[in-house]
Every structure is written in structure tokens, then in C-alpha cells.
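Take a look at the structure below.
The values are calculated or read from the model by the stated rules, or taken from the named source; none is laboratory data. In this text the structure is predicted, and so the values were computed from the model without any measurement. Cβ sites come from the backbone with ideal geometry, for glycine too, and all protein chains shown count toward neighbours. Each accessible area value is taken on the protein alone, full model and side chains, heavy atoms only, with ligands, DNA and RNA left out. Shrake-Rupley method; radii C 1.70, N 1.55, O 1.52, S 1.80 Å.
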Amino acid sequence: MIEVIGLTKSYGGFLAVDDVSFTCQPGRVTGFLGPNGAGKTTTMRVMAGLTPATRGKITIGGLAYRDIPNPGRHVGVLLDASAQHAGRTGREVLMIGAKTMGLPESRVDEMLALVSLTPTEAKRRVRNYSLGMRQRLGIAHALLGDPSVLVLDEPANGLDPAGIRWMRDLLKQYADRGGTVLLSSHLLNEVELIADEMILIGRGKIVAQGDKKSLLAERDGGTLVTAVD
Ligand code: ATP
């Protein structure tokens, strides 16, 4: 379980994330939905320990980040897959992660197979990958250390409907084994196929959260669309 408690992040005087609180439960896939600039990436960067909060805190399993010996090992992250490691091969990218975490080479092969990147594809440079392949590689990288929490920023970006179904099955399997998943999107139809829970954010503030079915019922009544816009 990962908990975001009263998270505020400001850049200069600008409040990118304003007193945001939510919990992502083990065994559940939570969709994080909002338009461009709403504060999703900023929230996820703080959750991944990549940038400090201005106020508020993140806890994992009830423990504050500072009290967890190696917090990075507990949270697997996918952020902006399009910009990562363009000059390296897919295999090299995973090998660097495996070395950093002290994992055997066999774990790299396992992850490549899991995301259906063939040995030939794994030898190609990432700059020659399609966006969908980069997303698969990014997801493999996020899963390398077998984290208890996955934080995925726009993982469906670049995936076709078959790719989105593939990701749904992968994340569902991970959640069924007790994993906690948060994934963001600015498109409701990308998230609604995959998520059990949904959190809606707009201009740095949470506008709705709850289980998917009740939020989609609100959408059908018109409330949700208004909230996201
Ligand atoms: P997108 O889908 O476009 O990535 P988002 O919901 O992820 O949107 P963020 O990237 O978190 O939104 O950005 C939230 C706000 O914070 C935006 O107005 C953005 O311009 C601003 N912002 C983000 N990072 C910085 C930064 N390093 N310095 C200044 N402002 C920033």
C-alpha cells in the first residue's frame, strides 16, 4: 500500500500539486486521470522519491520514506519512456538496472520475455524502438526489482488497443499477486479498461476518487466529464 498524505509541491510560487491525499491499495490497479498539466507527473515523481515534497508525505506500508532502508527498491517507476537511454540497447538498459540492484542476468531475460521483447529486439538501440516497444521496455525496467508498488506515468501512451489489453493482463496478474499499481493517463478510455479504482486530478487538486464503477456511473450522468475538463 502506498499513501499520499497532504502532498503539496510548488515550483517558485506556482502550486503544481495542492494538498493531494489518496491511497493505492495492494491487489488493486488505480488509474490517475487528468488533463495535461494537472499535476500527475509531479505527484508520481514525489511518490517515486525523485523529487522532494514541499509539504506532506508519502508512506509505504505505513512507514514514511525516510524510515524505509531502500525505498527505491519498493517502488518501480515508469516515467517518460520516450526520453530514456536512446543510445543504449534494450538489453543494456535492463542490465544497468539489474547491476544497480544486484540482480542476476537471468532476471533481465525473464523481464524481456515478460514484456515480449525478442532477443533480436533487445539488441537494437532504444532510439530505433517504436513508442510501444519503449513502453514495454520501461515496464520491464519498472518490474526488475520485483517492487511492491508500481508507479507508471502514461504507460498506455503509444500502445494500440491490443497493447493496452496486453498491459491490462500484465498489471492484473501483478495486482493479483498482491502488487499495488498507480497508472496515469489523460485519456479516460485508456484507464477505464485497466483500472479498478480511479483518481481524478485537475489543476493540482483531486476532484474525484473512488471505485471505477461508481465514477463511470457519474460520467454517464455527466459529472465526471465536467470534473476532468
Ligand atoms: P502531462 O500529462 O502534460 O505530463 P501532468 O498532469 O503530468 O501533465 P505535471 O507534469 O505534473 O502535469 O505538471 C503540473 C504543472 O507543474 C504544470 O503546470 C507544469 O508546467 C508545472 N511543472 C512541472 N514541473 C515543473 C518544473 N520542474 N518547474 C516548473 N514548473 C513545473
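What number comes out for accessible area per residue over the chain if the probe is 1.4 Å? Units Å², please.
Working: 10700 Å² over 229 residues.
Roughly 47 Å² per residue, with all protein chains present.
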* Per-residue ³J(HN,Hα) for the stretch 23-29, Karplus 6.51 cos²θ - 1.76 cosθ + 1.60, θ = phi - 60°, Hz, x for Gly and Pro -> 10, 10, 8, x, x, 10, 9
* **Gain on full stretching of the segment that runs from K99 to A86 - 0.36 nm per residue minus C-alpha separation** => 2.8 nm
* Taking Cα atoms, how many degrees apart are the long axis of helix 131-143 and the longest axis of the chain, rounded to 10 and kept between 0 and 90? -> 90 degrees
* Label-to-label distance, nm, for residues given as L187 and I5 (7 Å Cα→Cβ offset) -> 3.7 nm
* Projected label distance in nm at S106 and N128, using a 7 Å step from Cα toward the beta-carbon -> 3.1 nm
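Which FRET efficiency value, to the nearest 0.05, is calculated for R165 and A113 with the Förster distance at 22 angstrom and r the Cβ-Cβ distance? Display every interim value, and only then the final one.
Values: r = 18 Å, r/R0 = 0.84.
Efficiency computed from Cβ-Cβ geometry: 0.75.
Give me the number: length gained by fully extending K213 to D176, i.e. 0.36 nm times residue separation minus the C-alpha to C-alpha distance, one decimal in nm.
Numbers: separation 37, 0.36 × 37 = 13.32 nm, distance 1.90 nm.
Working it through step by step, the gained length comes to 11.4 nm.
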* Asked: Percent relative contact order of the chain, based on C-alpha pairs within less than 8 angstrom and at least six residues apart?
  -> 30 percent
* How far is helix 105-114 tilted, in degrees, relative to the longest principal axis of the Cα atoms in the chain, given as a value from 0 to 90 rounded to the nearest 10? -> 60 degrees
* May I ask for the angle, rounded to the nearest 10°, between helix 161-176 and the longest principal axis of the chain, with both axes built from Cα atoms and the value confined to 0 to 90°? => 80 degrees
* At 222 nm, what helix-only mean residue ellipticity would the chain give, in deg cm²/dmol to the nearest 500, using -39500 (n - 2.57) for each DSSP H run of four or more? -> -10500 deg cm²/dmol
* To do: Determine ³J(HN,Hα), in whole Hz, for all residues of the stretch 49-54 in sequence, where each value follows from phi through the Karplus function 6.51 cos²θ - 1.76 cosθ + 1.60 and θ = phi - 60°; x replaces Gly and Pro.
  => x, 8, 8, x, 6, 6
